[in-house]
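Asks: Please find one structure pasted underneath; my questions will follow.
The values are calculated or read from the model by the stated rules, or taken from the named source; none is laboratory data. Note that the structure is a prediction, hence the values are computed from the model and not measured. Counting neighbours? That spans all protein chains shown, and the Cβs are built from the backbone with ideal geometry, glycine included. SASA here: full protein model, heavy atoms, side chains in, ligands and nucleic acids out. Shrake-Rupley method; radii C 1.70, N 1.55, O 1.52, S 1.80 Å.
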Amino acid sequence: PMATALRIILYGAVAGAAAAAAGAAAAGDAGMTVHADAPTASALSPWMVGAGIEDVNHELIGGLSTQLIWGESFEEPASNASRGVSSAGTNGHLTWLPTASSGAGCEFALERRIAPQTGLQSQFVGGEGCGVANRGLDFGGHSFSSGEAYTGHFFAKGGTAATVAVSLFDWKAKKALATQTLEIAASEAWSMHNFSLSASASTSCYTTAVGADPYKTCNKNAENICPICTGEFHITVTKGAVLLDQVFLEQQSLRFMDQPTRKTVVSLMKDTMGFGVLRNGGSQCNSEGYRWKRFRGPAYDRQPFDGTWYKQFASPGWRIFEFLDMCEAAEIHSVVTMNNKETPEDMADFVEYVYGDAATTTWGGMRATDGHPQPYKPFWVEIGNEQGLSTSLTHDVVALSGAMQGKAKQLKLPFNLSFVVGGNGWKPAAFNGVMEALAPGTPTG
């Protein structure tokens with residue numbers, strides 16, 4: 001339907017232009033000839049077709065990210081009905097609940113006294129047969145497919161040895177589709193536990209009326225339908241008690257070039273829609289916690305933050321460097337928006353991190369350790385997002401771009417840095433006093 005609508009608009013525009021040209025030519029004026037059947041797409045610049053993405057509508061976490069778990073670090077508080085399980089997610093959407101088989105003797109608690117793997121708290125589960133269940137984004141249910149491999153990990157620790165089972169579960173059929181048992185050694189340190197599960201059957205998906213399911217929140221719509229799938233992911237204690245943190249689950253076949261990125265979405269953007277450029281920005285970048293140094297290294301070591309769209313706890317799992325990795329692999333030009341309140345020192349470090357030699361620079365070496373041995377390909381940097389034009393913003397742009405240019409000169413980069421300044425509602429009157437704030441010779445873009 002979208003492609004059809006686009007064709008109608010395009011053909012209508014071409015027909016109108018052709019008619020206007022014919023009329024102009026008949027009147028003796030300058031005209032033009034439109035070749036509507038000529039293949040011109042290949043002649044377009046790759047910068048002509050693209051999109052801006054951000055995490056406002058689960059475009060990143062829950063969209064491009066392969067992560068199936070919603071609320072992976074148990075940062076959300078417990079709800080009134082969750083018996084101590086982290087569950088009250090952003091905007092009231094559930095994250096975790098006790099499994100249906102968890103009896104009255106089960107003990108659940110959010111632990112804040114013992115240092116978690118990340119964030120402020122971890123999930124305590126105690127009692128034989130006691131477990132927590134996750135249905136993914138907005139608690140809408142996972143769609144597991146028969147024969148598909150699902151891999152992941154979680155972090156655990158406990159004062160005594162424990163046994164934990166992870167399962168793909170169909171809550172409507174009330175049966176496990178795959179289960180793996182793992183032993184947790186007694187330790188005061190967090191340990192990472194990997195698992196691999198193959199679904200023995202597929203879960204089902206169906207629609208119900210908006211508001212009919214007590215767990216699934218759907219926005220009102222004209223069709224009054226709410227989609228639900230019957231898959232759950234379980235972590236169940238079969239012996240002892242454990243603390244849990246940083247849970248990750250993905251479907252292996254959906255990875256794009258061995259990245260934690262959905263190849264179906266990448267294919268849609270690149271092959272179907274023909275995107276040549278993507279901007280990762282938007283109001284998510286205005287959050288105080290949105291800083292590039294938070295987003296490097298393994299996702300399970302990154303700290304959750306108070307986001308723009310997902311308060312209080314936004315996932316750091318798919319951010320700047322996953323975006324750059326995806327764009328490089330897909331051969332898509334990229335624009336990365338940075339918080340204009342980053343420090344000049346940190347932005348100089350950013351240039352060294354993405355472009356510095358791994359063997360001779362500190363931050364280039366960290367990039368290699370993080371899994372990207374070679375410098376990144378050149379990309380655009382946007383400073384700020386939708387700010388009004390002011391002396392304050394100008395000073396930020398001058399300080400950050402100047403620090404980045406200085407680092408680029410030090411590194412002797414064989415290309416110029418390119419900048420975009422993100423603003424909103426700029427009017428001629430707003431420029432009063434701004435140009436005076438620019439130091440002579442300051443790079444602008």
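Asks: Only loop residues by DSSP count here, and only those with at most 14 other Cβ atoms within 10 Å; note down the trypsin sites (Lys or Arg not before Pro) in the stretch 185-246 that meet that.
Replies: 220
Asks: Would you calculate a helix-derived [θ] at 222 nm for the chain, using -39,500 (n - 2.57) for each DSSP H run of n ≥ 4 and dividing by the full residue count, to the nearest 500?
Replies: -6000 deg cm²/dmol
Asks: Provide the gained length on full extension for the span residue 212 to residue 343, in nm with one decimal, where the gain is 0.36 nm per separating residue minus the Cα-Cα distance.
Replies: 42.3 nm
Asks: For a protection proxy built on the mean count of beta-carbon atoms within 10 angstrom, sort 333-340, 272-279 highest first, please.
Replies: In descending order of packing, they fall as 333-340, 272-279.
Asks: Using per-residue counts of other Cβ atoms within 10 Å, averaged over each peptide, order 374-385, 411-422 from highest down.
Replies: 374-385, 411-422
Asks: Given N residues in the chain, what is its alpha carbon radius of gyration divided by 2.2 N^0.38 Å?
Replies: In units of the 2.2 N^0.38 Å rule of thumb, it is 1.15.
Asks: Could I ask something else about it? Could you state the accessible area per residue of the chain in Å², with a 1.4 Å probe and every protein chain left in place?
Replies: Ligands and nucleic acids excluded, the figure is 48 Å² per residue.
Asks: Continuing with this model, one more query. To the nearest 20 debye, what charge dipole does the chain have about its Cα centre, counting +1 at the Cβ of each Lys and Arg and -1 at the Cβ of each Asp and Glu?
Replies: 280 debye
Asks: Given N residues in the stretch 278-391, what is its alpha carbon radius of gyration divided by 2.2 N^0.38 Å?
Replies: 1.05
Asks: To continue, here is another question. Length gain on complete extension for the stretch residue 57 to residue 80, per 0.36 nm per residue less the alpha carbon to alpha carbon distance?
Replies: Between residue 57 and residue 80, full extension yields 5.6 nm more.
Asks: Using r as the Cβ-Cβ distance of residue 360 and residue 392, and R0 as 25 Å, what FRET efficiency do you calculate, to the nearest 0.05?
Replies: 0.10
Asks: Within the stretch 269-293, which residues have the backbone N less than 20 Å from the label spot 7 Å out from residue 303 along Cα→beta-carbon, could you tell me?
Replies: Correct set: 284-293.
Asks: With the dipole of the chain worked out from charges on the C-beta (+1 for Lys and Arg, -1 for Asp and Glu) around the Cα centre, which of 284, 73, 390 lies farthest toward the positive end?
Replies: Farthest towards the positive end: 73.
Asks: Moving to a separate point now. For a 28 Å ceiling on Cα separation, which of these pairs sit above it: 220/270; 175/220; 175/216?
Replies: Going by Cα-Cα distance, 220/270; 175/220 fall outside the 28 Å limit.
Asks: Could I have the simple spin-label model distance between residue 219 and residue 33, label points 7 Å from Cα toward Cβ, reported in nm to one decimal?
Replies: For the pair residue 219/residue 33, the computed spacing is 4.8 nm.
Asks: Compute the relative contact order of the chain as a whole-number percentage, counting only Cα pairs closer than 8 Å that sit 6 or more residues apart in sequence.
Replies: Relative CO of the chain lands at 14 percent.
Asks: Could you give the dipole magnitude of the stretch 45-178 about its Cα centre, charging the beta-carbon of Lys and Arg +1 and that of Asp and Glu -1, in debye to the nearest 20?
Replies: Roughly 440 debye, rounded to the nearest 20.
Asks: Under 14 Å from the Cβ of residue 281, count the other residues' Cβ atoms, weight Lys and Arg +1, Asp and Glu -1, and hand me the total.
Replies: Combined, the nearby Lys, Arg, Asp and Glu give -4.
Asks: Considering only protein heavy atoms and a probe of 1.4 Å, how much of the accessible area of the stretch 84-195 is carbon and sulfur, as a whole percent?
Replies: In the stretch 84-195, the share of accessible area belonging to carbon and sulfur is 51 percent.
Asks: Report the net charge of residues surrounding residue 292, where surrounding means a beta-carbon distance below 9 angstrom and charges are Lys +1, Arg +1, Asp -1, Glu -1.
Replies: That works out to +2.
Asks: Excluding same-chain residues fewer than 8 positions from residue 409, which lysines have a Cα within less than 28 Å of its Cα?
Replies: Of all the lysines, those that pass the test against residue 409 - Cα under 28 Å, at least 8 places apart if same chain - are 293, 341, 377.
Asks: Continuing with this model, one more query. Identify unpaired cysteines across the chain, taking unpaired to mean no other cysteine Cβ lies under 4.7 Å from the residue's Cβ.
Replies: 285, 327
Asks: Would you mind checking the tilt of helix 2-26 against the longest principal axis of the Cα atoms of the chain, expressed as 0 to 90 degrees and rounded to 10?
Replies: Taking the Cα atoms of the chain, the angle to 2-26 is about 10 degrees.
Asks: For residue 370 and residue 49, FRET efficiency with R0 = 22 Å and r from the beta-carbon atoms, rounded to 0.05?
Replies: Taking R0 as 22 Å, the efficiency between residue 49 and residue 370 is 0.10.
Asks: Report the label-to-label distance for residue 160 and residue 410 in nanometres (one decimal), using points 7 Å from each Cα along the Cα→Cβ vector.
Replies: If labels sit at residue 160 and residue 410, their model points lie 5.5 nm apart.
Asks: So what's the gap between the Cα centers of the stretch 144-169 and the stretch 384-431, to the nearest angstrom?
Replies: Centre-to-centre (Cα) distance: 46 Å.
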